[in-house]
Structures are given as C-alpha cells and as structure tokens.
Ligand code: SF4
C-alpha cells in the first residue's frame, strides 16, 4: 500500500507524560522553531491536489498518515478542521489514520454527517501509562469510530488494558521512547501487554524498542536505526 504523510497543521502543546520528549519538539529545536506556535502548513490541501495529468497527487488506496506533527484534535486547529474533514470526505478512495492524545475532544470535533464513523478513517488513541489508559480508553471505546487502535508508545510503565480489550479494538501497538533523554522501557511491560492482547484475541505489534531498553536484567542503549529492527527480531507480534 502506498504511504503518504499529510500534516495539515504543525505545532502542538504538551498535555500528558508521553509528550515530554515529543519528537516534533526535538525536530523543531534543531531549527530553533517554536513548536507551540500552531500554524496551517503549505500542504494543507494536499488530499485535493492533482498533478499535471489531472491525477490525484495522493493515489487511490493510499494510507495517509495524518497530522503527525501535531494532534488532529488540537483546540488551536478548531477553525481549520471542518475544511480538513471536507477533504477527507471527498477522498473516500484513500485511508486516513491519525493518532491522538485528545480523544476527550473527539465528540466536539466531528462533522455533522459523521454517523457511526466514516469507514476510511482510522483513529489511534495513545495511552502511555495507566492513568492515561484509565481516562482515555472508556471515552475511546464509546466513540463512534469505524477503526480504532490503541498506541502504548512511549510505554512508560506496566499498563493493565485488559478490561477494555475486545473486538472493538483493531490492534494494540507498543514501543519505547526514542531520543537522547529517552525514558526506559521494560521488555516485561511489552510482553505483559502482548499477553493481554492474546487473552482478548486482539492483534498486537511491538513497533520499536526505544533508545533505552531493559531486558533480562540488562539496560540496553539502542541506536535509532536499530530500534525498529530489534523489535521485529523479537518476533512477538500477534494476529488472532
Ligand atoms: S500530543 Fe503528540 S504532537 Fe502534541 S506535544 Fe504531545 S506528543 Fe507532541
């Protein structure tokens, strides 16, 4: 499947512990950009752009990773979101996916014709610790969304998701934190989430180790380029 990034706006505000070492803040810092200034980007209307032959720049059947340098449900973007939804509405031939830490804003951010959720929109809710899981997952479970995944990344502690896991969840993704100040991620925590997924017959993916990984009594510092590969090597993904 063709993958495309679409960042209609850039910038965000930290709201929970998982945001502490946000990769977007780190990347902006390299260019001395203020990440808290939220602005529309020059690719705002990318889903509707066509090339010289009149074809969509984003081909049919693409997976569009949406708003990865912000949060799609950010209050600062409330005035722009209707137009973004309109573009998403017009491109039912592609699949849109966004990850949010603001699922508690979902109900007030959806368009009037949303119904039970558009079939081409996938929403991922992040839960980096137990407190965020306890707060966000009941809201997520009730939200009218056709495809829902839970992201436990950066995983900051052991989390019990078991009471929410069920057929409404398309999958759980787990991983550590990257960057120079990364907090430690324990392999035991990852395995624990995997076990919960197996018990509930929910697909599980170990996406990346993060930079600071604790396994079998040893702390490993793992370079960015090996973090995904090491997770793949563990071969613990699960599909019912
Ligand atoms: S919500 Fe996401 S983009 Fe926004 S500060 Fe937190 S980690 Fe960064």
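Here are some notes:
- Residue under evaluation residue 8, criteria (1) under 28 Å from residue 140 (Cα atoms); (2) within 11 Å of the ligand (Cβ to nearest atom); (3) surrounded by 16 or more Cβ atoms within 10 Å (Cβ to Cβ), criterion not met: (2)
- All positions within the stretch 11-55 that are in a helix (DSSP H, G or I) and surrounded by fewer than 17 Cβ atoms within 10 Å (Cβ to Cβ): 17, 23, 26, 27, 29, 30, 48
- For residue 127: the one exception among (1) away from the ligand (no atom under 14 Å from the Cβ); (2) free of Cβ contacts under 8 Å to residues at least 40 places away in the same chain: (1)
Table: residues versus (1) farther than 20 Å from residue 15 by Cβ; (2) in contact with a strand residue (DSSP E or B) (Cβ under 9 Å, 6 or more places away or on another chain).
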| residue | (1), (2) |
| --- | --- |
| 135 | no, no |
| 190 | yes, yes |
| 203 | yes, yes |
| 212 | yes, yes |
| 226 | yes, no |
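- Entirely in the stretch 183-240, the strands (runs of 3 or more DSSP E) that have 2 or more residues that are within 23 Å of residue 130 (Cβ to Cβ): 204-208, 212-215
- Candidate set: the stretch 85-115, residues that are within 16 Å of the ligand (Cβ to nearest atom) and outside any strand (DSSP E or B); chosen: the one farthest from residue 46 (Cα to Cα): 104
- Unique residue being under 19 Å from residue 140 (Cβ atoms), touching a strand residue (DSSP E or B) at 6+ places or on another chain (Cβ under 9 Å) and either loosely packed, with under 13 Cβ neighbours inside 10 Å or touching a residue at least 24 places away in the same chain (Cβ under 8 Å) (or both) when the list is 58, 103: 103
Taken together, the values in this text are just the output of simple stated rules run on the coordinates, not laboratory data. Predicted model, so just to flag it, every value in this text is computed and none were measured. Counting neighbours? That spans all protein chains shown, and the Cβs are built from the backbone with ideal geometry, glycine included.
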